[in-house]
Amino acid sequence: MNHFLDPFNLIILAIALVVFWRLKSVLGGRTGHERPPFDPYAAANKKENAAAEAANGKVLRFPKEAEAAEAAAQAKTETALPAWAGYATEGSTIALGIEQLSKADPQFTPKNFIEGAKLAYEMIVEAFARGDKTALKSLLAREVYDGFARAIDAREAEGQKLESRFVGIDKAEIAAVELNGKRASVTTKFVSQLISATLSKSGAVIEGDPKQVREITDVWTFEREIGSRDPNWKLAATEEPA
């Protein structure tokens, strides 16, 4: 009798084939696209390479770190500069005045003052043209306000109208700085472009030109009491340019 064809052997062979087929269906065969086996030393090698690059001076910096370092360097440079730098000549009376005022009032900087003065100049010019005495009162010292108010009242009494359009400021520079006790005074020279004309009650042009842009030069002095709760500077004097 052939032992290979024995029924018992055939049953064993059938069982083996079934088990093999199931294992293959579960585990699958190799296709050539499998992930490489996990290398426990790969991460350690990457860290060692990064450490070697750092030791050689090849250190990568994130953009935020670079920006922060640049800002810190710029702030350090600005702090090292004298207060008058860019706004006065070294050794001039203006430079000495800015230094003195900066020491008396640490919050004062020429840059912030000029920006505020330009804004105040535009607001005052436009408020005067409109005849807005309420707006002027918060921007002018008492004596200057009284003069502006009288000019507005006289204009309205004559039935006149001031047409004015602010074009822009070409130049704004500090012309003088004084510190008398706690009262600080900063004189500023403005060169601006303005369209302005005074019209009669009938609409006739009395002064100026409603269509022509004119260059206007004004010298204004702003004052503020150092230590006052009111941080605003007020227009304390106006004068004709020299």
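In the stretch 119-133, which residue that is open to solvent by less than 30 Å² (accessible area, probe 1.4 Å) and closer than 20 Å to GLU158 by Cβ is farthest from the chain's Cα centre (by Cα)? Before you say what the answer is, go through the steps one by one.
Narrowing the stretch 119-133 to residues open to solvent by less than 30 Å² (accessible area, probe 1.4 Å): 120-121, 124-125, 127, 129, 131.
Subset that is closer than 20 Å to GLU158 by Cβ: 127, 129, 131.
Details: ALA127: 27, ALA129: 31, GLY131: 33 Å.
This residue is GLY131.
Take the conditions assigned to a loop (DSSP other than H, G, I, E, B) and not aliphatic (A, V, I, L, M) and apply them to GLY147. Does it pass? Spell out how you get there, then give the answer.
Values: assigned to a loop (DSSP other than H, G, I, E, B): no; not aliphatic (A, V, I, L, M): yes.
Taking the combined requirement at face value, the residue does not satisfy it.
Look at ILE114 and say whether it is crowded, with 19+ Cβ neighbours inside 10 Å and within 23 Å of ALA175 (Cα to Cα). Give the steps one after another, and end with the answer.
Values: crowded, with 19+ Cβ neighbours inside 10 Å: no; within 23 Å of ALA175 (Cα to Cα): yes.
Here the answer is no, as ILE114 does not meet what is asked.
Kindly evaluate PHE113 against the criterion of being in a helix (DSSP H, G or I) and under 19 Å from the mean Cα position of the chain (by Cα).
On the way: in a helix (DSSP H, G or I): yes; under 19 Å from the mean Cα position of the chain (by Cα): yes.
For PHE113, the condition - in a helix (DSSP H, G or I) and under 19 Å from the mean Cα position of the chain (by Cα) - is met.
Determine which single condition LYS234 fails, assuming it passes every other condition in (1) at pLDDT below 95; (2) within 27 Å of the chain's Cα centre (by Cα).
With (1) at pLDDT below 95; (2) within 27 Å of the chain's Cα centre (by Cα) applied to LYS234, the lone miss is (1).
Could you check, for the stretch 203-226, whether at least one of its residues is free of Cβ contacts under 8 Å to residues at least 40 places away in the same chain, open to solvent by 40 Å² or more (accessible area, probe 1.4 Å), on the phi > 0 side of the Ramachandran plot and over 31 Å from the mean Cα position of the chain (by Cα)?
Within the stretch 203-226, one or more residues are free of Cβ contacts under 8 Å to residues at least 40 places away in the same chain, open to solvent by 40 Å² or more (accessible area, probe 1.4 Å), on the phi > 0 side of the Ramachandran plot and over 31 Å from the mean Cα position of the chain (by Cα).
Run down LEU136, LEU162 and say which single residue is without any contact (Cβ under 8 Å) to a residue 24 or more places away in the chain and either open to solvent by less than 40 Å² (accessible area, probe 1.4 Å) or closer than 20 Å to GLU239 by Cα (or both). Walk me through it before giving the result.
Numbers: LEU162 fails: without any contact (Cβ under 8 Å) to a residue 24 or more places away in the chain.
Exactly one residue qualifies, and that residue is LEU136.
Test GLU173 against the stated conditions and say whether it is open to solvent by 70 Å² or more (accessible area, probe 1.4 Å), without any contact (Cβ under 8 Å) to a residue 60 or more places away in the chain and out of contact with any Leu (no Cβ under 8 Å at 6 or more places or on another chain). Quick ask: steps written out before the conclusion?
Values: open to solvent by 70 Å² or more (accessible area, probe 1.4 Å): yes; without any contact (Cβ under 8 Å) to a residue 60 or more places away in the chain: no; out of contact with any Leu (no Cβ under 8 Å at 6 or more places or on another chain): yes.
Here the answer is no, as GLU173 does not meet what is asked.
The values are calculated or read from the model by the stated rules, or taken from the named source; none is laboratory data. Predicted model only: the values in this text are computed from it and were never measured. Positions of Cβ are backbone-derived with ideal geometry, glycine not excepted, and every protein chain shown enters the neighbour counts. For the accessible areas, the whole protein counts, side chains as well, though only heavy atoms, and no ligand, DNA or RNA atoms are used. Shrake-Rupley method; radii C 1.70, N 1.55, O 1.52, S 1.80 Å.
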